[in-house]
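Data block below; observations after.
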Amino acid sequence: MSIQKYQSTLTVTEGPRQTEYRLFAQVTKALMDAKAEGEKGKKLIAAIDWNRRLWMTLQMDLASDDNGLSDALKAQLISVAIWVDKHTSSTLRGDAKIQPLITVNRAIMEGLAKAPDEDSVEGGAAQSA
């Protein structure tokens, strides 16, 4: 199966919430691997950079008028994204540990897992149309 077919199949069977969860899981695993290797070197830099890019992307999405989350939740998540950026800089300088970033990502994953899955209902309707 080609990569394009796999990606199109994944898009059809996976809603946005599942995609976000999967991405957070992958990034968090990279952070955990970097922690296991002593929080130094290329693995740390790559994991930290990937996590920062994820949070920057989320922050841009949260600031978009098209984002359907409540204003209060958007504001809270933007605050977390700003904290992640600052903590990332501290971690890269060696002034902070990576564990708080892992903890935050896991909390987000828990929220994504517990939230009602409206995406699958919309996805199912789109598939049958």
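Out of the residues in segment 1-43 that are at pLDDT below 95 and of a type in the set (A, V, I, L, M, F, W, C), which is nearest to ASN105 (Cα to Cα)?
LEU10
How many of the residues in segment 80-129 are at pLDDT 90 or above and either part of a helix (DSSP H, G or I) or surrounded by 11 or more Cβ atoms within 10 Å (Cβ to Cβ) (or both)?
Summing the residues that are at pLDDT 90 or above and either part of a helix (DSSP H, G or I) or surrounded by 11 or more Cβ atoms within 10 Å (Cβ to Cβ) (or both) in segment 80-129 gives 32.
Give ARG22, ARG17 a once-over and let me know the one that is among the basic types (Lys, Arg), without any contact (Cβ under 8 Å) to a residue 60 or more places away in the chain and either in a helix (DSSP H, G or I) or touching a Cys at 6+ places or on another chain (Cβ under 8 Å) (or both).
ARG22
If a residue must be of a type in the set (A, V, I, L, M) and either in contact with a helix residue (DSSP H, G or I) (Cβ under 7 Å, 6 or more places away or on another chain) or not in a helix (DSSP H, G or I) (or both), how many such residues does segment 64-79 contain?
Of the residues in that region, 3 qualify.
The values are calculated or read from the model by the stated rules, or taken from the named source; none is laboratory data. Worth saying up front: this structure is predicted, and the values here are computed from it rather than measured. Reconstructed Cβ throughout: ideal geometry from the backbone, glycine too, with neighbour counts over all protein chains shown.
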